[in-house]
Structure formats: structure tokens, C-alpha cells
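Q: Sharing a structure, written as C-alpha cells. Questions coming.
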Amino acid sequence: MRKLVLWLIRVFRLDIPAEKVVEKAVEKEVYLPKDGVIDGDITIKGDVLVTGKVFITGSITILGAVNYGLKFDGSKED
């Protein structure tokens, strides 16, 4: 049966697509500008590791799980 199918493919010059699964890991480092400020909207797809402080003026939306070891009471640190 396999030989027949292969013969039909050759005779009628059929293009049979083959399913291929390709996995590729991409790691990208993004550096802040010299003044340390990025203006505009930022969308990050993936994991984010913050070592240091994060100050937010405005709103933030987090979809998914949040894992942090500190409790935030809403007051600003100096």
C-alpha cells in the first residue's frame, strides 16, 4: 500500500505537506536608555525578573500569577 501511495505521488507530482514541529528558544536582553526612562506603552510576553525597586506612577495590569516576597502597603519609599 505504501509503495502504491508513493508511486501515485510521483506520477501525479503531488505536493504533500509534512507537519514539522520546530521549537526555538529566543533570549533577548533589553537595556534601558541612559536616563533610565522609557516613554510609551510596553508589552512583555514572558517572564520578568526585577532585581531592585519598581516605582509605578499610573496603573499596572498583571495577568497571571504574581510571586513576590515583600508586602506593599501603598506608601512611597524614599
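The values are calculated or read from the model by the stated rules, or taken from the named source; none is laboratory data. A quick note: this is a predicted structure, and the numbers were derived from the prediction, not measured. A quick note on method: Cβ atoms are made from the backbone with ideal geometry, for glycine too, and the neighbour counts reach across all protein chains shown. Side chains included, ligands, DNA and RNA excluded: accessible areas come from the protein's heavy atoms. Shrake-Rupley method; radii C 1.70, N 1.55, O 1.52, S 1.80 Å.
Q: For Asp35, state whether it is among the acidic types (Asp, Glu), over 30 Å from Val5 (Cβ atoms) and modelled with pLDDT under 80.
A: Values: among the acidic types (Asp, Glu): yes; over 30 Å from Val5 (Cβ atoms): yes; modelled with pLDDT under 80: no.
Spelling it out, it is not the case that Asp35 is among the acidic types (Asp, Glu), over 30 Å from Val5 (Cβ atoms) and modelled with pLDDT under 80.
Q: Another question, if that's okay. Kindly indicate whether any position in the stretch 9-32 is modelled with pLDDT of 80 or more, outside any loop (DSSP other than H, G, I, E, B) and surrounded by 10 or more Cβ atoms within 10 Å (Cβ to Cβ).
A: Checked the stretch 9-32: at least one residue is modelled with pLDDT of 80 or more, outside any loop (DSSP other than H, G, I, E, B) and surrounded by 10 or more Cβ atoms within 10 Å (Cβ to Cβ).
Q: Yes or no: the stretch 54-75 includes at least one residue that is among the small types (Gly, Ala, Ser), under 16 Å from the mean Cα position of the chain (by Cα), at pLDDT below 80 and open to solvent by 80 Å² or more (accessible area, probe 1.4 Å). Even if it seems obvious, please write down each step before you answer.
A: From the stretch 54-75, those among the small types (Gly, Ala, Ser) are 58-59, 64-65, 69, 74-75; that's our starting set.
Now restrict to residues that are under 16 Å from the mean Cα position of the chain (by Cα): 64-65.
Going one step further and asking which of them are at pLDDT below 80, we end up with 64-65.
Now drop any that are not open to solvent by 80 Å² or more (accessible area, probe 1.4 Å), which leaves 65.
Checked the stretch 54-75: at least one residue is among the small types (Gly, Ala, Ser), under 16 Å from the mean Cα position of the chain (by Cα), at pLDDT below 80 and open to solvent by 80 Å² or more (accessible area, probe 1.4 Å).
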